[in-house]
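Chemist: Before I ask anything, here is the structure I am working with.
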Amino acid sequence: MTEPQLNRMNRGEQNPQLVVGRGNPNARLMLIGEAPGAEEDARGLPFVGRSGQLLSELISEAGLDEQHQLYICNVIKCRPPNNRKPTAKEIEISRPWLRQQIDLIDPALVLLSGATALQAMLGVRSGISKLRGQWQTHDGRDYLPVFHPSYLLRFRSREAGTPQDLTLQDLREARRRLHLLSES
Ligand code: URA
């Protein structure tokens, strides 16, 4: 973090910067989260705070190479004030930007991490639990809803059937599908 950014954070100023994405722009697998948090805002990169660390851990444990096989971004490109959940209107306003980003990266497979991403891309408002782990085809791409890592931080255990274990299974499933694509 740079000194001006640190000072800005310490003063509690709300002057969010754009957080666009990170990873490989040619990746066939994309992950969409919700919105940048404080650390992401300070560094200008998505998923680099505590939930991002857990996400990276799970991605690597699932056998995926984050740097080369993934492109990571959020529905909302600026940190919402006080880390609150994005409103339906904010999601609506952000959708065209996200659509353009998806068109540019052109992934075959997309992980929808959390309810905001699920709502933004598939219009589903019912939460993630019902659909997680089930591929959804939409506009020629396959979408896999998965839990959001900040939800996973509430649970420590990775025993069978726990949210972290289920997410690991989902990421392994994404890796399997990615592998099939590279063979076809
Ligand atoms: N949560 C998100 O959804 N995205 C980030 O970049 C960080 C935390």
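Every residue, every condition in (1) within 20 Å of G37 (Cα to Cα); (2) within 16 Å of the chain's Cα centre (by Cα); (3) among the aromatic types (F, W, Y), yes or no:
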position: I91; (1), (2), (3): yes, yes, no
position: S94; (1), (2), (3): yes, yes, no
position: D103; (1), (2), (3): no, no, no
position: S113; (1), (2), (3): yes, yes, no
position: L144; (1), (2), (3): no, yes, no
position: A160; (1), (2), (3): no, no, no
position: Q169; (1), (2), (3): no, no, no
position: A174; (1), (2), (3): no, yes, no
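Chemist: Looking at F147 and the list (1) exposed (fewer than 13 other Cβ atoms within 10 Å of the Cβ); (2) within 16 Å of the ligand (Cβ to nearest atom), which single condition is not satisfied?
Modeler: F147 satisfies all of (1) exposed (fewer than 13 other Cβ atoms within 10 Å of the Cβ); (2) within 16 Å of the ligand (Cβ to nearest atom) except (1).
Chemist: On to the next question. For region 175-182, state whether one or more residues are within 16 Å of the ligand (Cβ to nearest atom) and crowded, with 16+ Cβ neighbours inside 10 Å.
Modeler: no
Chemist: Moving to a separate point now. Considering (1) in a helix (DSSP H, G or I); (2) farther than 20 Å from R22 by Cβ; (3) at pLDDT 95 or above; (4) open to solvent by 40 Å² or more (accessible area, probe 1.4 Å), say which one L118 fails and leave the rest.
Modeler: (4)
Chemist: Continuing with the same structure: Looking only at region 127-139, filter to residues that are open to solvent by 80 Å² or more (accessible area, probe 1.4 Å) and over 17 Å from the mean Cα position of the chain (by Cα); which one of those is nearest to the ligand (Cβ to nearest atom)?
Modeler: So, considering only residues that are open to solvent by 80 Å² or more (accessible area, probe 1.4 Å) and over 17 Å from the mean Cα position of the chain (by Cα), the one nearest to the ligand (Cβ to nearest atom) is K130.
Chemist: Further question on the same structure: Taking region 32-53 on its own, how many of its residues are near the ligand (Cβ under 10 Å from one of its atoms), open to solvent by less than 40 Å² (accessible area, probe 1.4 Å) and out of contact with any Gly (no Cβ under 8 Å at 6 or more places or on another chain)?
Modeler: The qualifying residues number 6.
Chemist: Still on this structure, please answer the following. If you go through region 130-151 one residue at a time, do you hit one that is of a type in the set (S, T, N, Q) and over 20 Å from L55 (Cα atoms)?
Modeler: Among the residues of region 130-151, at least one is of a type in the set (S, T, N, Q) and over 20 Å from L55 (Cα atoms), which makes the answer yes.
Chemist: Applying the selection to region 60-89, what residues are open to solvent by less than 20 Å² (accessible area, probe 1.4 Å) and more than 21 Å from G37 (Cα to Cα)?
Modeler: Across region 60-89, the qualifying residues are A62, L64.
The values are calculated or read from the model by the stated rules, or taken from the named source; none is laboratory data. In this text the structure is predicted, and so the values were computed from the model without any measurement. Positions of Cβ are generated from backbone atoms using ideal geometry, with glycine treated the same way; all protein chains shown enter the neighbour counts. The protein model used for the area step is the full one, side chains on, heavy atoms only, and it has no ligands, DNA or RNA in it. Shrake-Rupley method; radii C 1.70, N 1.55, O 1.52, S 1.80 Å.
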